[in-house]
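Working notes for the structure below.
The values are calculated or read from the model by the stated rules, or taken from the named source; none is laboratory data. These numbers come from a predicted model, not from an experiment. Positions of Cβ are generated from backbone atoms using ideal geometry, with glycine treated the same way; all protein chains shown enter the neighbour counts. The accessibility values were calculated without ligands, DNA or RNA, using every heavy atom of the protein model including side chains. Shrake-Rupley method; radii C 1.70, N 1.55, O 1.52, S 1.80 Å.
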Amino acid sequence: MGSTISKANIEIDVDGVLANMDGSYAEYVSDLIPDFSEEKYITEWNMPYVEQNFPEAFERISSLWTNPSFIRGLSRYPKVEDGMKKLYSSVKDKAEIIVHTHIFNPGAVFESRKSWLEDLRDDTGVDFIIDICTGSVKKTRTDSKIVIEDNVSNLRKSNAEYKILIRRGHNRKYNENDLGECKKSYVCSSFYDSVDIVKEILGV
């Protein structure tokens, strides 16, 4: 009997990769920080500058992470739909697309994230696998060949062979050498641009 060749897993994060969470805070803190922007104020993960200098604004932002309406209404980064379609058409015979995301609490906010991803699936026609974990930290998948993330800590914990960091304000000081052990690491500006890197890795 012939052997079955297993597909490679491409793991894609949501917040900071597909969903523009950091870029959605401004309207909630504009009375406290009128010129708030990700580029100016979110210079490190968990926003220590905001927490130290604008504690009330930080508390408001933190509360959004468990707000079902906020999570459900997050905008997608430009060309996310195009990127997902392009990825699927390129790798569908060679890889599984797994969207792996972290939400602090089960319940309503979990369902909001699930609905957000189901909308993306419907809008793109790409039947990617949805993997939502809950708790204080994001659980690490151990079966990914390629991981696309904005969180340097999550990339360092991953045992993926190839790691792609999406450049955001909070990770601006990191580069390809900071992502942990792997065969090769990359930094790029968007999920859409990361698709060409995935194609190169898989030779498609």
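Under a Cβ-Cβ cut-off of 11 Å, what is the net charge of the residues other than ASP22 that fall near it, where Lys and Arg count +1 and Asp and Glu count -1? After counting each charged neighbour, the total is -3. Computed over Cα pairs, the Kirkwood radius of the range 68-155 leads via Stokes-Einstein (1.002 mPa s, 20 °C) to a diffusion coefficient of 152 µm² per second. When SER136, SER144 are compared by accessible area at a 1.4 angstrom probe, the order from most to least is SER136, SER144.
Could I get the Rg over Rh figure for the chain? Both from C-alpha atoms, Rh via Kirkwood, rounded to two places.
Numbers: Rg = 17.2 Å, Rh = 17.7 Å.
Radius of gyration relative to Kirkwood radius: 0.98.
Within the shell defined by Cβ-Cβ distances under 9 Å, the residues around CYS182 carry a net charge of +1, with Lys and Arg each +1 and Asp and Glu each -1.
Among residues other than THR124 with Cβ under 14 Å from its Cβ, the summed charge is -1 (Lys and Arg +1, Asp and Glu -1).
Calculation over all alpha carbon pairs of the range 121-204 in 5 angstrom steps from 0 returns a P(r) of 3, 14, 23, 24, 22, 11, 4, 0 percent. Heavy atoms of the protein chains alone define the surface here; on that basis the chain has 49 Å² accessible area per residue at 1.4 Å probe size. Summary of the geometry: the range 50-81 and the range 12-37, compared by the centres of their Cα atoms, lie 5 Å apart. Karplus-based coupling profile of the range 7-17, in residue order and whole Hz: 7, 6, 9, 9, 9, 10, 6, 9, 5, x, 10, with θ = phi - 60° in 6.51 cos²θ - 1.76 cosθ + 1.60 and x standing for Gly or Pro. Counted without the sites themselves, the longest stretch of the chain free of trypsin sites (Lys or Arg not before Pro) in a DSSP loop having at most 16 other beta carbon atoms within 10 Å is 8-78.
From the C-alpha coordinates alone, can you work out the Kirkwood hydrodynamic radius of the range 1-121, in Å? Display every interim value, and only then the final one.
Working: mean 1/r = 0.0610 Å⁻¹.
This gives a value of 16.4 Å.
Within the range 137-180, what whole-number % of the accessible surface is contributed by carbon and sulfur, with the 1.4 Å probe and all protein chains included in the calculation?
Details: 810 of 1900 Å².
With neighbouring chains kept in place, the figure for the range 137-180 is 43 percent.
Model label sites at ASN175 and LYS199, defined 7 Å from Cα along the beta-carbon direction, differ in position by 2.7 nm.
Protein chains only, probe 1.4 Å: how do PHE104, PHE58, PHE191, PHE110 rank by accessible area, largest first? Walk me through the numbers on the way to the answer.
Values: PHE104 80, PHE58 25, PHE191 5, PHE110 50 Å².
Result, largest first: PHE104, PHE110, PHE58, PHE191.
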